[in-house]
Structure formats: structure tokens, C-alpha cells
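What follows is a single structure, written as C-alpha cells, with notes after it.
The values are calculated or read from the model by the stated rules, or taken from the named source; none is laboratory data. Quick caveat: nothing in here was measured; it's all calculated off a predicted structure. Using ideal geometry, Cβ is built from the backbone for each residue, glycine included, and neighbour counts are taken over all protein chains shown.
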Amino acid sequence: MNYDRVIVELLDRISLLEEKIEQLEKNINEQTPLNTTVSKITETKTRDKTKYIIDGRICLKNRLVLEVVKKYVYEHSEIAFDKLRDVFYDKLQGSFGVVRLKADIEQQERKQKEEQKKVTISARYFFKDDDIIKLADGTEVVVSNQWGKDNIKAFVILAKSFGYEIQEI
């Protein structure tokens, strides 16, 4: 048996396989870079617990929003709901909107119970008595508690435009 010839053939095959592996790795990296995939996995598994300071109080994102809306209503005591909703426009938060009429949320909740849905809409808003905002005309307003690291940025910019000092810690 000619071992030299067998060794050369094996080396050629190894070389071809290495080239194919290199090409496959290149194709995979072009489609989804490894660091992007790893960062996406990390993002989904960790919850952002950034805190903010407003008026000397430390708040999580959702409480910050509640405090800002309360402060705004206090400073604009005669504001009507429609105007408040214009200031804190729905797309600022996303699918739930920033502010809603308490009566509308309660009505949606009754409808969900009739349809036997498990998710309650009121769980998406601050509904404790101290958190419900009462406007001058008696209208009761609730604020969304659904805030993440992506939608809070625009809200903080808006709040700072009112002259509110907000510090991220």
C-alpha cells in the first residue's frame, strides 16, 4: 500500500472540508452575526429595572410616568381629558396609551369578563385609589403601567420639555 498517496489524498480532503466549513461560517455570520444573536437572547431574559429620580423621589419607569402625569395635572388644574390625552398622546406608550378614562377601562373589563377572557385590562393601569387622577370636572383618569426601556425614552424627553428634572440612576 502506498501510504504517501493515501496521506496526500486525506490532506486534500481535509483542505476541501476546511474550505467548506469556512464558507458556511461566513454565510451564517452574514445572515445573523453571533453578537447580535447573543444580545437578543440576553435582552429577552433580563428585565430593565432602571430607576429615575423626580422631585426627590426614586421611581421605576411606570411610577415615573404616573408621577409626571399627576404633576402635569396639578400644574394644569383645569385641563380636560381630551387635552390631557393630546399632551400624553397614545403612541407615546404604544398599544395601551398613556392615559385612559377610568370608566372606559372598567367597561372594557366587564366586557372581558362576559367573554370569559383571563387577562384583565385594569391590570395594565394604575388602579389603586391613590393612583387614580381626578380632573377638575370630576373625570377619573388612569395611567398605563406598561413601560419598557424602549417607550420610556420618548416619555422622558416629553417630560423634560415641560421643565421637569428627571435623572436616570
Exactly one condition in (1) in a helix (DSSP H, G or I); (2) over 26 Å from T46 (Cβ atoms); (3) in contact (Cβ under 8 Å) with a residue 60 or more places away in the chain is not met by F155; state its number.
(2)
Selection within region 56-75 - crowded, with 18+ Cβ neighbours inside 10 Å and either of a type in the set (D, E, K, R) or more than 22 Å from the chain's Cα centre (by Cα) (or both):
K61, R63, E67, Y72, V73
Could you check I58 against (1) farther than 18 Å from I133 by Cβ; (2) in a loop (DSSP other than H, G, I, E, B); (3) among the β-branched types (V, I, T) and say which number it fails?
(2)
Taking region 73-116 and keeping residues more than 19 Å from D131 (Cβ to Cβ) and of a type in the set (F, W, Y) leaves Y89
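Table: residues versus (1) modelled with pLDDT under 95; (2) out of contact with any Pro (no Cβ under 7 Å at 6 or more places or on another chain); (3) under 20 Å from E75 (Cα atoms); (4) among the hydrophobic types (A, V, I, L, M, F, W, C).
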{"residue": "G97", "(1), (2), (3), (4)": "no, yes, no, no"}
{"residue": "K113", "(1), (2), (3), (4)": "yes, yes, no, no"}
{"residue": "K117", "(1), (2), (3), (4)": "yes, yes, no, no"}
{"residue": "S122", "(1), (2), (3), (4)": "yes, yes, no, no"}
{"residue": "G138", "(1), (2), (3), (4)": "no, yes, yes, no"}
{"residue": "D150", "(1), (2), (3), (4)": "yes, yes, no, no"}
Across (1) closer than 15 Å to L64 by Cβ; (2) surrounded by 13 or more Cβ atoms within 10 Å (Cβ to Cβ), E140 clears everything bar (1)
Take the conditions outside any helix (DSSP H, G or I), modelled with pLDDT of 95 or more and over 25 Å from E165 (Cβ atoms) and apply them to A103. Does it pass?
no
What's the number of the only condition in (1) modelled with pLDDT under 95; (2) β-branched (V, I, T); (3) within 22 Å of I54 (Cα to Cα) that V142 fails to meet?
(1)
Considering only residues that are part of a helix (DSSP H, G or I) and charged (D, E, K, R), which ones fall in region 78-100?
D82, K83, R85, D86, D90, K91
Among the numbered criteria (1) of a type in the set (A, V, I, L, M); (2) over 24 Å from the mean Cα position of the chain (by Cα); (3) in a helix (DSSP H, G or I), which one does A136 miss?
(3)
From the list D130, D86, D137, pick out the single residue that is free of Cβ contacts under 8 Å to residues at least 40 places away in the same chain, of a type in the set (D, E) and over 26 Å from T50 (Cα atoms).
D86
Could you tell me whether any residue of region 84-101 is surrounded by fewer than 18 Cβ atoms within 10 Å (Cβ to Cβ) and more than 25 Å from the chain's Cα centre (by Cα)?
no
Is it the case, given these coordinates, that F155 is surrounded by 18 or more Cβ atoms within 10 Å (Cβ to Cβ) and in contact with a Phe, Trp or Tyr (Cβ under 9 Å, 6 or more places away or on another chain)?
yes
